[in-house]
Amino acid sequence: MTTVFPAQPTPLVDVAGTDDKFPVNRIYCVGLNYTDHIVEFGADPDKIDPVFFMKPADAVVADRAPVPYPSHTKNFHYEIELVVAIDREASNVSVDDAEDYVFGYAVGNDLTRRDMQFELKEKGMPWDPSKGFDMSAPISAIHRVSDIGHPTEGRIWLSVNGDVKQDGNINQMIAKVNQIISKLSELYVLKPGDLIYTGTPSGIGPVVPGDIMEAGIDGIDTLTTKII
Ligand code: MN
């Protein structure tokens, strides 16, 4: 059996402290998972549940790799997020067992065409091209659970050209990592290589070409991305 043309390469993410790579299967994302961000997004935190959406696997961008300003937006936003890396198949997993499926954690940036997202939301249409575009998922190296455990608190922050714009704590997440994995595993069969971007705290805002975003989560890593 041959393929009719060479298959695209599997997207890879660095694993901290080794030359090994994490092969990416799917990228799931959680939206509206921090109360103060739901408020700035113009929604009522008491009336909203975290939502799920996806990005293509090849949207990952390594730490320090530049991201070109995308087409079809005049309001290109950052969203700093905790990323969970899955290494076992997971279907209908309980909240209590969910951590067993985690390989490690990383720092991610859920880049967003915000103007397009609001236009599509207004029309009641799917958000896909505002979220799931090329190079929309910068990510740090993944740190193994065996090295850092399962972080449940720690400062999560992002600065643009040295000015701190987002400054929260991962203990403010509404749906916790184990609840997210459990719920996602009801909706999909999670597979080794899946990444989950778990939502952003408040302080979202725009970047323009030339801007440098520095971000981090205490106890995990930092992530630097220049817009070109
Ligand atoms: Mn997000």
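The values are calculated or read from the model by the stated rules, or taken from the named source; none is laboratory data. Treat the numbers as computed from the prediction; the structure is a model and nothing was measured. All Cβ positions, even for glycine, are placed from backbone atoms using ideal geometry, and neighbour counts span all protein chains on display. Remember, those area values only see protein heavy atoms, side chains included, never the ligands or the DNA or RNA. Shrake-Rupley method; radii C 1.70, N 1.55, O 1.52, S 1.80 Å.
Of note:
- Accessible surface for M135 stands near 70 Å², nearest 10, in the context of the full protein assembly shown (1.4 Å probe).
- For the chain, alpha-carbon Rg relative to the globular expectation (2.2 N^0.38 Å, N residues): 0.97
- Going by accessible surface with a 1.4 Å probe and the largest first, I80, I228 read I228, I80.
- In Å², nearest 10: area of T222 left accessible to a 1.4 Å probe: 70 Å²
- Contact order relative to length of the chain, as percent, for alpha carbon pairs under 8 angstrom and 6 or more apart: 31 percent
- At a probe radius of 1.4 angstrom, the accessible area of the chain per residue rounds to 48 square angstrom.
- Part-to-part distance (alpha-carbon centres) for the range 118-136 and the range 139-194, which is given in Å: 22 Å
- Lysines whose Cα lies under 24 Å from that of K121, excluding same-chain neighbours fewer than 8 positions away: K47, K55, K74, K131, K183
- Model label sites at D19 and Q179, defined 7 Å from Cα along the beta-carbon direction, differ in position by 4.3 nm.
- Rounded to 0.05, the FRET efficiency of the A65 and S146 pair, given R0 = 25 Å and the Cβ-Cβ distance, is 0.40.
- Accessible surface, 1.4 Å probe, highest first, among residues F53, F5, F118: F5, F118, F53
- Helix-only mean residue ellipticity at 222 nm for the chain, each DSSP H run of n ≥ 4 adding -39500 (n - 2.57), per residue, nearest 500: -3500 deg cm²/dmol
- At R0 = 35 Å, FRET efficiency that the Cβ-Cβ distance of E122 and K191 yields, to 0.05: 0.55
- Between V4 and D96, residue separation times 0.36 nm minus the direct Cα-Cα distance comes to 28.7 nm.
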